[in-house]
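Here's the structure we're looking at; comments come further down.
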Amino acid sequence: GISNQDQRHKLVVSAVWNTKGASNAWTKDWTIAFIGKMTSGRPYSILRGVAAAYGTTTANVGPTSPGPQGNGEGLSAPADLEPGTEKNGQTTPTITNLDVRFSRSFTLGKGKKLEVIAEVFNIFNHYTVSKVYNFQQPLLEAGTGRVLNQYGDPIIQSSVDYNRQFQGGLKITF
């Protein structure tokens with residue numbers, strides 16, 4: 001199969017527009033900038049997945065049971081591919097992102113300037129799916145049996161990855 005890091009497409013576009021030479025008082029000294037990114041998803045495999053205690057007990061030994069199976073250490077589930085699937089045969093969703101920056105400069109006197117800045121990160125508020133739950137068996141909450149994750153569910157690793165963020169600032173040059 002293909003590599004875990006095989007990301008087939010990546011497009012990054014950036015631009016800066018400045019109205020420094022404009023004669024109108026309302027439109028001069030503005031700077032508008034953006035950076036946009038679009039990438040194809042990363043590959044992953046469909047895995048069988050079993051409980052983390054897989055292979056740690058001998059309670060299943062008997063005339064109809066072969067005894068403990070799997071890795072036996074009880075810390076991680078075996079990562080067997082689902083029959084009939086190829087390694088890294090699935091792909092996470094496409095990732096898109098757009099960041100925008102607006103700023104305006106004001107002259108305060110000889111050699112002094114004030115710049116007012118507003119920035120918006122992840123303007124469309126898309127979250128990035130960098131990883132999915134790829135086990136066929138659902139992940140259950142201990143004790144209750146409530147389903148926490150099912151096959152294909154996105155795994156969000158931190159809120160920084162997907163929340164729209166606003167940032168403002170002032171810059172004084174003297």
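Summary table
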read-out: Cross-link pairs beyond the 26 Å C-alpha cut-off, checked among Lys28/Lys110; Lys20/Lys171; Lys10/Lys171; value: Lys10/Lys171
read-out: Förster-model FRET efficiency, 22 Å R0, Trp26 and Arg101, C-beta, rounded to 0.05; value: 0.70
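Taken together, the values in this text are just the output of simple stated rules run on the coordinates, not laboratory data. Remember, it's a predicted structure, so these values are computed and weren't measured experimentally. We place every Cβ from the backbone using ideal geometry, glycine too, and count neighbours over all the protein chains shown.
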